[in-house]
Amino acid sequence: MVVSRVDPGRGWTLEQARDLVRQGYSVEHVAGRTGFPEQMLKVAEETDESEEAEED
């Protein structure tokens, strides 16, 4: 089993970065600030949108 981890070395965890996206910061801004790839952060944004749609 191979486990890959992204650690941009800026002191942010992926969960913290995704929380910033959930708080309304743009994916581009959070990616630049935290060093995580935009695609990893977009997953959090898309997950939140699908959960909101299920609640309606």
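The values are calculated or read from the model by the stated rules, or taken from the named source; none is laboratory data. Only a predicted model underlies this, so the values are computations on that prediction, with no experimental measurement involved. A quick note on method: Cβ atoms are made from the backbone with ideal geometry, for glycine too, and the neighbour counts reach across all protein chains shown. Side chains included, ligands, DNA and RNA excluded: accessible areas come from the protein's heavy atoms. Shrake-Rupley method; radii C 1.70, N 1.55, O 1.52, S 1.80 Å.
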Log entry, pairs with first residue in the stretch 23-41 being under 12 Å from residue 12 (Cβ atoms) and among the aliphatic types (A, V, I, L, M), second being open to solvent by 50 Å² or more (accessible area, probe 1.4 Å) and assigned to a helix (DSSP H, G or I), beta carbons closer than 6 Å, six or more apart or on different chains, reads 31/38
Quick count over the stretch 1-45, residues being open to solvent by 50 Å² or more (accessible area, probe 1.4 Å), modelled with pLDDT of 90 or more and not in a helix (DSSP H, G or I), is 7
